[in-house]
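Encoded as C-alpha cells, the structure appears first; notes follow it.
The values are calculated or read from the model by the stated rules, or taken from the named source; none is laboratory data. Note that the structure is a prediction, hence the values are computed from the model and not measured. Virtual Cβ from ideal backbone geometry, glycine too; neighbours counted across all protein chains shown. For the accessible areas, the whole protein counts, side chains as well, though only heavy atoms, and no ligand, DNA or RNA atoms are used. Shrake-Rupley method; radii C 1.70, N 1.55, O 1.52, S 1.80 Å.
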Amino acid sequence: MFRRTHYVIAAAVLAILPLAYAGTPADESRTVEPVQSAEVAEPAIEVAASPVVAEAQIRADLATVFRPEEESVETTNGVMATITTGEVLLARIGPDGKVIMACVDNEEAAVRFLAGQVERSAGARKAVEK
Amino acid sequence: MLRIIFATVVLALTLDASAGTGRVIILNSDKPGEGLNDPTPATPVGGNNGTTRGEQRMNVFLAAAERWQRELDTNVDIRVSVTFAPIAGCNASGGVLGQAGPSTVVRDFSGAPRSNTWYPIALANKLAGSDLAPNQNDIFAQFNAAVDTDTCLGSTRWYYGLDANSGTDIDLFVVVLHELAHGLGMSGATGSPGFRENRPAIFNTHMLDLTLGLRWDQMTQAQRDVSVTNSGNLVWQGETVRANTDRFLLPITTLTVTSPAPVAGSYDIGSAAFGPPAATASLAGTIVQMRDAANSDGPKETDGCTTLTNAAQLNGKIAIVDRGDCTFVVKARNAQAAGATGLIVVDNSNASCTPPAMGGEASDVTIPVISVSQRDGMAIQTQLSSNVVVSALLHVDPSQLAGTSQQGYVRLYAPCTLEPGSSTYHWDAVASPSLLMEPSINSDLSHGVDLSLHQLVDIGWTTPQGRRMLRR
C-alpha cells in the first residue's frame, strides 16, 4: 500500500511537471488564469512513521524532483537544453528543533542532508544550537 | 558638430526606450483549488492583503517578481511558471521546500558574448534582444504547499508577509527572491561540478580557484571535482561584485594565530549567543587545552564538561575545548571559573568547514567564546599536544571583509567534505551580514538583493542605472 501510494504520487507529479514547464501565454497583468488542461490525480502527502527517515524512502521521494537530464537540441536560435532539475531548497529539523535549510543541485547531496548525515548545513553558523 | 550631438542623443534615447520594457511575469500553473488557487481563507499579514491562501502566495510571487523587474534591465519578458502544489515526501523531520531554475539553457545563439557557453534562457533572450524560445517559459518554480500543514516540518509554516517579520516561519518572499535568482543565472547547466556537454555555463566562467589560479572553465573535470570542496579558496571573479563588496559585507572578526609558524594564520570563527560579541572582545595570549575527568557527564578529557583538572594552567590563558557532551554554556563557565580570558570551542564534526554558532543564555559569562572548525582546531591542538606554545589574537581585521578571501574576492560555497556536487551556486556561509544567495535562507536577511544583483551584472545582466554597473 505504501509503495503503491508512492507510485500514485510519482505519476501525479510527473503529470503536473510538463504543465509547469510548458509555455503559457504571457498575461499583461502578470496574473494569469490557471492552467487547467489536464486532469491529474490529487497529490498526496506521506507522513513518516518516525522522524528518522530511511535513506531508501528519501530517494524514492526525491525521484520526482531529481529527474534525468535531457539531450540538447540544435535550433535556429542556438543549441538548447531543457533543465529538468533546478536548485532544490531543502529543510530539516535540526538537533535544537529549529529548521535548517540547504540548497542543492544533486540527489546525493539532498539525500545526505535529509537523512541527517550532514548535521549542520551552511546556514547553521547563524542558527542557534546547543 | 551639432548634427553629431543630435544623432548621439537620438541613439541614446532609442537605446533607453528599448531597455527595461521587459517584465517578470508570474504564470500560475496550478489547478483549481490548489496552490496559487487555494481558496482557504487567510488573514492579511505583514503587508500582504490577500484574503485567501492562494492570493497571498501569488502576492508574494508578484512582489518578488516586481523586485527583480525593477532591478534588471531587459527588453524581453521573463516568464516564470509557478506551481505551489504539495511535493511528496515532506514529513515532520524534513523535505523539499521547492526548486527553481532556468527552464532552458542555450549556447551559441546570435549575440552570445561567449561561444560554447551555456546561458540561462532569460539572460540569452536579453543578450539577443529577442525571445529565442517563444513557446517556452524562461524560469520554472515549484514550491511545496505541504509546508502549510503539520505533516511537513511540524508547526513551521510559510510566512506570506512582505515585511521581513517571519519569526520562526520561513519567509516565502526571501525564498522566492533567492530561487528566481537561480533562474536568472545563478546556476549551472547541470549539477556542479559537472559541465553539460563539457561546456561551462556563464556562471562557471567567473568561478576562480585560488589554489590552482584557474577558473572552472579552464579546468579539467578532475580539477573541478577537487575545487568544489576547496573551502575558502573558490571565489567569484567579477568586477561588479568586487567593486561593491564593501557595501554589503563587514570587516571580518578573525582568530589569528601568530605562532608557531606551522599553524600561523587567520582562522574563520563562529560566534556565541552569550558572552561579549567577538567583534568587540579583546583577546590575546597563549592557548591552553582544557582538561577534565572523563566521566558520565563528559566521556572525554578534553570536553570541559566537569571540574577542570588543569585549572591553574588556564588562568590568564585562552582555553580550547572540544565541542560536545555538554552545553557550550557549561564549557564557558568552567573556563571562566578557571580564570581563562576566553574560550575556543573546536567543532566535533568535519561535515562542514564552517565553525558552528553556539546557542545558550548565560548573562554570567563575561569571557568571549568563539568556535573554530574541526580541521583548524585540531591543527592547533596537535601543536599543544607536543607542548608547543601557541599564541593567538582575536581581532577585527579591517583589511578583510567577512565572506571574502584575503585577496578580496567574495567566497563561493565549497563545503570541504560535502558530497561533490553540492551546489556551489551560492555565496559562502561565512559572509556577514548574511547574503540572499547563501545556501541557507538565514533568518536575519533583509528583503534586499545585495551582492546577488551585482553577480547577475557580472554574467551579463544590466540594470536600469547603467549597462555596465560598476558601482552605485
Legend entry - segment B:34-53: number of residues that are touching a residue at least 24 places away in the same chain (Cβ under 8 Å) and within 13 Å of chain A (Cβ to nearest Cβ): 5
Legend entry - Tally, over segment B:241-258, of residues that are closer than 29 Å to residue B:337 by Cα and open to solvent by 40 Å² or more (accessible area, probe 1.4 Å): 1
Legend entry - Long-range neighbours under 7 Å by Cβ, at least six apart or interchain, first residue within 14 Å of chain A (Cβ to nearest Cβ) and part of a helix (DSSP H, G or I) within segment B:259-279, second open to solvent by 40 Å² or more (accessible area, probe 1.4 Å) and of a type outside the set (Phe, Trp, Tyr): B:278/B:271
Inset, instruction - Can you run down the residue pairs with Cβ atoms below 8 Å, 6 or more apart or on separate chains, where the first is in segment B:191-215 and more than 10 Å from chain A (Cβ to nearest Cβ) and the partner is among the aromatic types (Phe, Trp, Tyr) and part of a strand (DSSP E or B)? - result: B:200/B:118; B:201/B:118; B:201/B:119; B:202/B:118; B:202/B:119; B:206/B:236; B:207/B:236; B:208/B:236
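For residue A:101, are the conditions met, namely being part of a strand (DSSP E or B), more than 9 Å from the chain's Cα centre (by Cα), closer than 29 Å to residue B:174 by Cβ and within 7 Å of another protein chain (Cβ to nearest Cβ)?
yes
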Legend entry - Number of the exception - residue B:244 against (1) closer than 22 Å to residue B:387 by Cβ; (2) in contact with a His (Cβ under 8 Å, 6 or more places away or on another chain): (1)
Inset, instruction - Name the one entry in B:214, B:210 that is over 22 Å from the mean Cα position of the chain (by Cα), among the hydrophobic types (A, V, I, L, M, F, W, C) and under 23 Å from residue B:404 (Cβ atoms). - result: B:214
Legend entry - Residues of segment B:228-240 satisfying the condition of being at pLDDT 95 or above, over 12 Å from residue B:407 (Cα atoms) and open to solvent by less than 20 Å² (accessible area, probe 1.4 Å): B:238, B:240
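Residue by residue, here is whether (1) part of a strand (DSSP E or B); (2) of a type in the set (Lys, Arg); (3) modelled with pLDDT of 80 or more holds:
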site	(1), (2), (3)
B:421	no, no, no
B:436	no, no, yes
B:442	no, no, no
B:446	no, no, yes
B:451	no, no, yes
B:456	no, no, yes
B:469	no, no, no
B:472	no, yes, no
Inset, instruction - State all residues of segment B:50-106 that are within 16 Å of residue B:461 (Cβ to Cβ), over 26 Å from the mean Cα position of the chain (by Cα) and assigned to a strand (DSSP E or B); if no residue qualifies, say none. - result: B:106
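Just to be sure, is residue B:168 within 14 Å of chain A (Cβ to nearest Cβ), closer than 21 Å to residue B:55 by Cα and open to solvent by 40 Å² or more (accessible area, probe 1.4 Å)?
no
May I ask you to verify whether residue B:282 is at pLDDT below 95, surrounded by fewer than 19 Cβ atoms within 10 Å (Cβ to Cβ), hydroxyl-bearing (Ser, Thr, Tyr) and farther than 30 Å from residue B:123 by Cβ?
It is true that residue B:282 is at pLDDT below 95, surrounded by fewer than 19 Cβ atoms within 10 Å (Cβ to Cβ), hydroxyl-bearing (Ser, Thr, Tyr) and farther than 30 Å from residue B:123 by Cβ.
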Legend entry - Hits in segment B:297-311 - residues which are at pLDDT below 85 and either assigned to a loop (DSSP other than H, G, I, E, B) or under 25 Å from residue B:397 (Cβ atoms) (or both): B:297
Inset, instruction - Please determine, by comparing only the residues of segment B:312-356 that are charged (D, E, K, R) and outside any loop (DSSP other than H, G, I, E, B), which one is surrounded by the most Cβ atoms within 10 Å (Cβ to Cβ). - result: B:331
Inset, instruction - Could you list all residues from segment B:256-268 that are at pLDDT 90 or above and closer than 14 Å to residue B:430 by Cα? - result: B:267
Inset, instruction - State all residues of segment A:67-80 that are surrounded by 20 or more Cβ atoms within 10 Å (Cβ to Cβ) and either assigned to a strand (DSSP E or B) or hydrophobic (A, V, I, L, M, F, W, C) (or both); if no residue qualifies, say none. - result: A:78, A:80
Legend entry - Subset of segment B:369-401 (residues that are open to solvent by 10 Å² or more (accessible area, probe 1.4 Å), assigned to a loop (DSSP other than H, G, I, E, B) and in contact with a strand residue (DSSP E or B) (Cβ under 8 Å, 6 or more places away or on another chain)): B:389
Legend entry - Every residue from segment B:312-329 that is modelled with pLDDT of 95 or more and farther than 17 Å from residue B:255 by Cβ: B:312, B:313, B:314, B:315, B:316
Inset, instruction - Could you run through segment B:200-227 and say how many residues are outside any helix (DSSP H, G or I) and open to solvent by less than 60 Å² (accessible area, probe 1.4 Å)? - result: 10
Legend entry - Condition broken by residue B:78, with the remaining ones in (1) within 10 Å of chain A (Cβ to nearest Cβ); (2) open to solvent by 10 Å² or more (accessible area, probe 1.4 Å); (3) β-branched (Val, Ile, Thr) satisfied: (2)
Inset, instruction - Starting from segment B:380-401, keep only residues that are of a type outside the set (A, V, I, L, M) and at pLDDT 95 or above, then list their pairs with residues that are surrounded by fewer than 19 Cβ atoms within 10 Å (Cβ to Cβ) and part of a strand (DSSP E or B) whose Cβ atoms are within a distance under 6 Å, requiring at least 6 positions of separation or different chains. - result: B:391/B:258; B:391/B:259; B:391/B:286
Legend entry - Out of B:114, B:157, sole residue that is farther than 26 Å from residue B:207 by Cα and more than 7 Å from chain A (Cβ to nearest Cβ): B:157
